[in-house]
Amino acid sequence: MRRTKEDAQLTRERLLDAAELLFASRGVSGTSLQDIATEAGLTRGALYWHFKDKGELFNAMMRRSTLPLEEALQRAQDSASAQPLADVRKNLLYTMSRVVNDPQTRRVFDIATQKIEYINEMTAAKDRHLQAIGNKRRFIESAIKRARALGQVGPAVSPKTASIGLLALMNGLLNIWMLDPEQFNLQTAAAKSIDTYLAGLSAGASAASPA
């Protein structure tokens, strides 16, 4: 039984590896399930034993690579430190560092931002993408709320609007960089952009925490 489970896991990993490479080279819509099975040296039946459709396979591929990012976000949410804006900065820069320094993370981000159309069987992938974005936005919004309560951002700042703006800034940088990674240093640009944005949020904040 143990051997069977190990073999099944190895088969699943082969399929995910094949999907990742083909999606990166051909795009998601240009890659069929048969292509993936053939690339993995398996039958289409073996693929369907693990994944019901391309959307489920795509989500599994993304989850495998982005799990460290999701775990880091959960740790940041659980910490609730006295410096919530610093927690946001650290988490966002960790994401950028993973994209720059980990080839697999960079590859799946490239697929998710440049090489997919969220139509037909890929609607499940769209839903999960939106969920991931929502989780990140809610983390930022919650941190800004705490920072405002601590007097670290201006009282007029809308946490929801500010969180959307900061996330849009980071996604914009990432998307532009993905088109040509040689055009600028993503980690440096992200750090300076985050610092500028957070400085704007802090404008008008009280010097001391509210009583």
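The values are calculated or read from the model by the stated rules, or taken from the named source; none is laboratory data. All values reported here derive from a predicted model rather than from experimental measurement. Don't worry about glycine lacking a Cβ; one is built from the backbone with ideal geometry, like all the others, and counts go over all protein chains shown. Note: accessible area is taken over every heavy atom of the protein model, side chains too, but ligands, DNA and RNA are not part of it. Shrake-Rupley method; radii C 1.70, N 1.55, O 1.52, S 1.80 Å.
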Looking only at residues in region 114-152 that are β-branched (Val, Ile, Thr) and open to solvent by less than 50 Å² (accessible area, probe 1.4 Å), which one is farthest from LEU67 (Cα to Cα)? ILE144
Restricting attention to region 158-177, and to residues there that are closer than 15 Å to THR196 by Cα and surrounded by 13 or more Cβ atoms within 10 Å (Cβ to Cβ), which single residue is farthest from the chain's Cα centre (by Cα)? ALA162
Name the single residue, out of those in region 77-113 being of a type in the set (S, T, N, Q) and more than 27 Å from LYS145 (Cβ to Cβ), that is surrounded by the most Cβ atoms within 10 Å (Cβ to Cβ). THR105
The conditions are (1) modelled with pLDDT of 95 or more; (2) closer than 19 Å to ASP102 by Cα, and ILE194 fails exactly one of them. Which is it? (2)
Output for region 147-156, where each listed residue is touching a Ser or Thr at 6+ places or on another chain (Cβ under 9 Å) and not polar (S, T, N, Q): ALA147, ALA149, LEU150, GLY151, VAL153, GLY154, PRO155
